[in-house]
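The values are calculated or read from the model by the stated rules, or taken from the named source; none is laboratory data. The model shown is predicted, which means the values in this text are computed figures rather than measured ones. Note that we place each Cβ from the backbone using ideal geometry, even for glycine, and neighbour counts take in every protein chain shown.
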Amino acid sequence: MKDQVLFPKIEVREKGFLQVSDIHTIYWERSGNPNGKKILVIHGGPGGGSQPRYRRYFDPDKFDIIQFDQRGCGSSTPFSELKENSTNHLVEDIEKLRILLKIDSWHLFGGSWGSTLSLIYAIKNPSRVISLTLRGIFLCRKFELLWFYQYGASEIFPDEFEEYISVIPKQERNDLITSFYKYLTSSDVNLRSKAAAAWTKWELSTSHLINKKFDFDKSEVNSFSDAFARIECHYFINNIFLEDDFILKNIKTIESIPTKIIQGRYDVVCPVRSAWDLNKKLKNSELIIVDDAGHSMSEKGITKELIKAIKGIQNL
């Protein structure tokens, strides 16, 4: 049923690599209509990488769909690299990509961490953003991180939480992000792999309204879960390299940009409070709360509302 809502599968028409620093090279691709409206898809994580399925949220006859893998993940290199990997680096990379592709301004589409990075990029480059379509809002405030990684979501998914913390010794559980960071950056491959699997499984297992089971028992260094866990934890232990509440403190910069916010009512990863607070502060925004959905963009109600929102920007 979910796939019936999406547009048909399409292939990439153009792709390449952009060297953004002495260390990092990012992968990018384009699909859809080269003369269509330019829309940049910003994936989650950080460290999640983009996916072919993301293209299917857009009418390929009307949109020029641009995707890229952020530093250290997906097809970007070096994989799972933490050096020179910060929020400002990612914002600069997006600008370098825009210039490379000779795009004056574009629409942004992002969910979870993708919503965070979309908002920060827009705040720093407001003249380059035509509209924002955001899902599963994550403002990266300290209490949001504590809710999901320390205490809060733990009371809704105690079974999954018990597995998540099982790789951390009991005496090191007072600050789980710090403890996980120690193991995720360990030279002991076994410890690093176990920590990465536990971190990633915790997030994926709590992302749907109806619980889905994931198995990361055989996680390896340089696997998806390794980059996902390491890069996320790297950003979160550093408060995403910005002052707390950076987005809401600077929200006036983007108050004229049309913004649609799609949020699952029962999103445990990024609770509706953040979407609510953003909508209250951002004058030109509309909040759509999907009552029968969690965090994942693949939830049926979320998918329908995202596609509806995208149709709404075709005349902008």
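With Arg98, Arg30, Arg71 as the choices, which residue is more than 29 Å from Asp244 (Cβ to Cβ) and either surrounded by fewer than 19 Cβ atoms within 10 Å (Cβ to Cβ) or basic (Lys, Arg) (or both)?
Working: Arg98 fails: more than 29 Å from Asp244 (Cβ to Cβ); Arg71 fails: more than 29 Å from Asp244 (Cβ to Cβ).
After ruling out the rest, the residue left standing is Arg30.
Being in contact with a Pro (Cβ under 7 Å, 6 or more places away or on another chain), within 16 Å of Ala309 (Cβ to Cβ) and in the same structural domain as Ser298 (by TED's automatic domain parsing) is the requirement here; does Ser131 meet it? Outline the logic, then answer.
On the way: in contact with a Pro (Cβ under 7 Å, 6 or more places away or on another chain): yes; within 16 Å of Ala309 (Cβ to Cβ): yes; in the same structural domain as Ser298 (by TED's automatic domain parsing): yes.
Yes; evaluated as a whole, the condition is true for this residue.
Scanning segment 221-242 for residues that are at pLDDT 95 or above and in a loop (DSSP other than H, G, I, E, B), which turns out surrounded by the fewest Cβ atoms within 10 Å (Cβ to Cβ)?
Asn238
Can you find a residue in segment 152-167 that is within 14 Å of Pro271 (Cα to Cα), β-branched (Val, Ile, Thr) and surrounded by 19 or more Cβ atoms within 10 Å (Cβ to Cβ)?
Checked against the condition, which is being within 14 Å of Pro271 (Cα to Cα), β-branched (Val, Ile, Thr) and surrounded by 19 or more Cβ atoms within 10 Å (Cβ to Cβ), segment 152-167 yields no hits at all.
Looking at (1) aliphatic (A, V, I, L, M); (2) closer than 16 Å to His24 by Cα; (3) crowded, with 19+ Cβ neighbours inside 10 Å, which one does Val91 not meet, given that it meets all the others?
(3)
Could you name every one of the helices (runs of 4 or more DSSP H) located completely within segment 74-153 that has at least 1 residues being of a type in the set (Asp, Glu) and in contact (Cβ under 8 Å) with a residue 24 or more places away in the chain?
Values: elements: 87-100, 113-124, 142-149.
Where helices (runs of 4 or more DSSP H) fall fully within segment 74-153 and carry at least 1 residues being of a type in the set (Asp, Glu) and in contact (Cβ under 8 Å) with a residue 24 or more places away in the chain, they are 87-100, 142-149.
Name the residues in segment 236-293 that are in contact with a Gly (Cβ under 8 Å, 6 or more places away or on another chain) and basic (Lys, Arg), would you?
Within segment 236-293, Lys260 is the sole residue that qualifies.
Return the pairs, sorted by first residue and then second, in which the second residue is in a helix (DSSP H, G or I) and of a type in the set (A, V, I, L, M, F, W, C), the first residue lies in segment 290-316 and is in the same structural domain as Leu132 (by TED's automatic domain parsing), the beta carbons are less than 8 Å apart, and the residues are 6+ apart or on different chains.
Val290/Ile302; Ala293/Ile302; Ser296/Ile302; Met297/Leu306; Lys300/Val5; Thr303/Val5; Lys304/Val5; Ile307/Val5
Just one of (1) out of contact with any helix residue (DSSP H, G or I) (no Cβ under 6 Å at 6 or more places or on another chain); (2) farther than 26 Å from Ala195 by Cα trips up Glu155, so point out which.
(2)
Ser105 - would you say it is in contact with a helix residue (DSSP H, G or I) (Cβ under 9 Å, 6 or more places away or on another chain), under 22 Å from Leu306 (Cβ atoms) and buried (at least 24 other Cβ atoms within 10 Å of the Cβ)?
No.
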